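The values are calculated or read from the model by the stated rules, or taken from the named source; none is laboratory data. The shown structure was predicted, so the numbers you read here are calculated from the model rather than taken from an experiment. Every residue, glycine among them, receives a Cβ derived from its backbone with ideal geometry; neighbour counts consider all protein chains shown. The area values use the complete protein model at the heavy-atom level, side chains included, leaving out ligands, DNA and RNA. Shrake-Rupley method; radii C 1.70, N 1.55, O 1.52, S 1.80 Å.
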Amino acid sequence: LTGILSEILKKTGVMNTLTNAEYHSHPAVSKSDLDLISRSPLHFKTAKEAPKVQTESMLLGSLVHKLVLEPDDFDNEYIVAPVCDRRTKQGKEIWNDFMESSAGMSVITEGLKSKAESIADAVLKDAAAACILRNGQAEQSFFWTDDETGVECKCRPDYLKSSGIVADLKTTSDASPESF
């Protein structure tokens, strides 16, 4: 992997800082795309054409990701919804004002944010994780053209250390060895 990463770094020369949404909307081929294509071209086509439905578990993973890897950017992407009764006139006004002021942001509940913060705190307090997530860069986007095929490719390691170590942060409901 270090050799492959070294080759990518040579070809890209620059780490492009993009938002997650900008990275995913870029048409270059990613590892996830290759996984879909290897399953079948129809799986790839369907995934690209159908809107992706984000489950609460997926959202929790994204929140943890942001809190651990890009905590200073959290408030630029996520906003906690006010607690109000939207069946009342006052509640509707509160909600409408909130929605107007939060355009472009992902709306989350206080409960989900608290859960994500607890998980992120546990990760950051873990000695091994703290060691891995130090002296590197999070969420850097790389783009290159494959020499053999001419296909434009992309990757976005969760965390990349100058030593060539790549960390991939995942949330799960079951971290047992059997589950993995």
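Checking each residue in the stretch 134-173 for being touching a strand residue (DSSP E or B) at 6+ places or on another chain (Cβ under 7 Å), charged (D, E, K, R) and part of a loop (DSSP other than H, G, I, E, B) picks out Asp146, Arg156, Asp158. Regarding Lys92, is this residue open to solvent by 90 Å² or more (accessible area, probe 1.4 Å) and assigned to a loop (DSSP other than H, G, I, E, B)? So Lys92 fails the test.
The number of residues in the stretch 70-88 that are assigned to a helix (DSSP H, G or I) and touching a helix residue (DSSP H, G or I) at 6+ places or on another chain (Cβ under 9 Å) comes to 4.
When the stretch 124-146 is filtered for residues that are within 17 Å of Lys170 (Cα to Cα) and of a type in the set (Val, Ile, Thr), only Ile132 remains.
Which one is surrounded by the fewest Cβ atoms within 10 Å (Cβ to Cβ) among residues in the stretch 96-120 that are assigned to a loop (DSSP other than H, G, I, E, B) and hydrophobic (A, V, I, L, M, F, W, C)? Among those residues, the one meeting the criterion is Ala103. Residues in the stretch 121-151 that are open to solvent by 80 Å² or more (accessible area, probe 1.4 Å) and within 17 Å of Tyr23 (Cβ to Cβ): Gln137 alone.
The set of residues in the stretch 51-61 being more than 10 Å from the chain's Cα centre (by Cα) and open to solvent by 50 Å² or more (accessible area, probe 1.4 Å) consists of Pro51, Lys52, Val53, Gln54, Thr55, Glu56, Ser57. Taken across the stretch 62-79, residues that are surrounded by 15 or more Cβ atoms within 10 Å (Cβ to Cβ), farther than 30 Å from Ala130 by Cβ and modelled with pLDDT under 95 do not occur at all.
Within the stretch 111-118, one or more residues are free of Cβ contacts under 8 Å to residues at least 40 places away in the same chain and not hydroxyl-bearing (Ser, Thr, Tyr).
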